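Working notes for the structure below.
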Amino acid sequence: MKIGFIGLGNVGGKLSGSLLRNGIDLTVHDLNDDLVAVFVDKGAKSGGSPAAMMRDCDAVITCLPSPAASDAVMQDMLPEVKEGKIWMEMSTTDEAEVKHLGAQVIERGGAAVDCPVSGGCHRADTGNISIFAGCDRATFERILPLLTVMGRRVLHTGDLGSASILKVLTNYLATANLVSCAEALTVAKGAGMDLATAYEAMRISSGNSFVHETESQVILNGSRDISFTMDLVKKDIGLFQEVADRAGVPIELNPLLITMFDDAIERFGPRELSPNIIKRLEEATGLDITAPGFPPEMLDDEPEEPGYEVIVKR
C-alpha cells in the first residue's frame with residue numbers, strides 16, 4: 001500500500017516516522033516545508049497537496065491540531081476520493097465531526113476510520129503507543145497491518161466515531177490525574193515530606209497511575225516537558241464535555257478542570273506545557289515542587305515490537 005501522511009507535528013511526525021522506519025511506501029505533507037524536507041531526506045516522498053495525496057495513495061492519514069484543520073484538508077481531498085481509498089483520521093477530534101467528514105468519504109465509495117492514539121509522544125516515537133480504531137470490521141482488517149506498525153496495542157472500538165469518543169474520555173482521565181498528582185505533590189511538600197519519597201509512595205501504592213509514573217517525573221525535574229500544551233488540554237476536555245452534554249450526563253469534575261485550565265491559560269499562555277498546571281499551586285503557596293534525580297523528559301524504555309489487536313473480553 002502507498003500511504004500518505006498529513007500533519008508532521010509532535011505526534012504525527014513520530015507516527016509517520018514509525019511507518020518510514022519500517023519500510024512503508026510513504027508520502028508526506030505539512031504546512032511547514034522544513035518538516036517535509038526532513039522526511040524526504042529520510043526517503044519519503046513530498047505529497048505536494050492533500051488532493052494529490054488522495055489521488056496517488058491507497059490510504060491517507062491525517063493527524064492535525066483541530067477539527068477545522070481536518071475539515072480544510074478533507075475538502076481538498078474529497079474530489080479525489082473513490083472506491084478503494086481510505087481516510088484515516090488520527091487527530092484528536094469531535095465524534096460528530098469525524099462522522100460528518102467520514103460520511104462524505106463513504107458517499108464517494110471510500111472508507112473512513114477514526115484512529116486516534118493514546119500513551120504520550122514518547123511512545124509514539126517508539127511505535128509502542130496504543131491506537132483506537134472506529135470503522136467497520138472489514139476496513140479494520142485492511143488497515144490493521146499499518147496500525148500495528150505505528151502502535152503496540154490496537155483496539156477496534158466499533159463504528160466510525162467510537163474511537164474519538166474513547167480518545168477524549170481517556171484524555172479527560174489523564175487530565176484529571178495530572179491535576180490530582182500536582183495537588184498531591186504540592187501537599188506533600190507543604191507537609192514537609194521529601195518529594196522523592198512521596199513520588200515512590202505514590203508509585204508503589206493504590207494511588208499509582210501511568211500519568212504519575214511519567215508526568216510526575218518531569219514535574220519534579222522542573223522541565224515539565226511532555227510535548228503537550230495547555231491549549232490542547234483545553235481542546236480535549238472541551239470535546240469530552242460536548243460528548244457528556246450530548247449524552248445528557250451531568251458531570252461535575254470536568255467543568256472544574258475547564259475552569260482551572262482557563263485560568264492557567266490566562267496566566268501562563270496557551271502554549272505553556274500542560275504539567276505546569278502545578279504553577280498555579282506553586283504561586284499560591286510559594287513552594288518549589290522540584291527534586292533532584294528525575295528525568296527532563298518522558299522516555300520509553302520498552303523495545304519496539306510488532307503491534308497486535310487487543311481483544312475485548314465479553
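Observations, loosely collected:
- Where helices (runs of 4 or more DSSP H) fall entirely within region 136-225, those with at least 1 residues that are closer than 22 Å to GLU304 by Cα and in contact with a Leu (Cβ under 6 Å, 6 or more places away or on another chain) are at 137-150, 210-221.
- Residues satisfying the stated conditions in region 248-292, i.e. touching a Leu at 6+ places or on another chain (Cβ under 8 Å) and either under 26 Å from LEU169 (Cα atoms) or of a type outside the set (A, V, I, L, M, F, W, C) (or both): SER274, PRO275, ILE277, ILE278, LEU281, THR290
- Sole residue being closer than 22 Å to GLU141 by Cα, free of Cβ contacts under 8 Å to residues at least 40 places away in the same chain and either among the charged types (D, E, K, R) or open to solvent by 40 Å² or more (accessible area, probe 1.4 Å) (or both), chosen from ASP33, ASP25: ASP25
- Single match in ALA247, ALA198, ALA284, ALA291 (criterion: at pLDDT 95 or above and open to solvent by 80 Å² or more (accessible area, probe 1.4 Å)): ALA284
- Scan of region 252-264 for residues that are open to solvent by 40 Å² or more (accessible area, probe 1.4 Å) and either at positive phi or among the β-branched types (Val, Ile, Thr) (or both), ordered by number: THR259
- Checking each residue in region 188-210 for being among the aliphatic types (A, V, I, L, M) and farther than 24 Å from GLY286 by Cα picks out only ILE204.
Every residue, every condition in (1) open to solvent by 60 Å² or more (accessible area, probe 1.4 Å); (2) closer than 30 Å to VAL233 by Cβ, yes or no:
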{"site": "ALA37", "(1), (2)": "no, no"}
{"site": "GLY43", "(1), (2)": "no, no"}
{"site": "PRO50", "(1), (2)": "no, yes"}
{"site": "ASP58", "(1), (2)": "yes, no"}
{"site": "PRO65", "(1), (2)": "yes, yes"}
{"site": "SER70", "(1), (2)": "no, yes"}
{"site": "LYS82", "(1), (2)": "yes, no"}
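- Matching residues in region 2-16 - criterion: being within 21 Å of the chain's Cα centre (by Cα) and open to solvent by 20 Å² or more (accessible area, probe 1.4 Å): GLY9, ASN10, VAL11, LYS14
- Among residues of region 126-138 that are open to solvent by 10 Å² or more (accessible area, probe 1.4 Å), those with a Cβ under 6 angstrom from a residue that is of a type in the set (Ser, Thr, Tyr), sequence gap 6+ or separate chain, pair up as SER130/SER118; PHE132/THR157.
- Pair list, Cβ < 8 Å and 6+ apart or interchain, from region 192-205 residues that are on the phi < 0 side of the Ramachandran plot to residues that are open to solvent by 60 Å² or more (accessible area, probe 1.4 Å): LEU195/LYS189; ALA196/PRO292; ALA196/GLY293; ALA198/LYS189; ARG203/GLU213
- Just one residue in the set GLU215, GLU183 is at pLDDT 95 or above, within 14 Å of LEU281 (Cβ to Cβ), surrounded by 13 or more Cβ atoms within 10 Å (Cβ to Cβ) and charged (D, E, K, R); that residue is GLU183.
The values are calculated or read from the model by the stated rules, or taken from the named source; none is laboratory data. Values in this document were obtained by computation on a predicted structure and should not be read as measured data. In this analysis, Cβ positions are derived from the backbone assuming ideal geometry, glycine residues included, and neighbour counts consider all displayed protein chains. When the accessible area is computed, the model is the full protein with side chains, heavy atoms only, and any ligands, DNA or RNA have been set aside. Shrake-Rupley method; radii C 1.70, N 1.55, O 1.52, S 1.80 Å.
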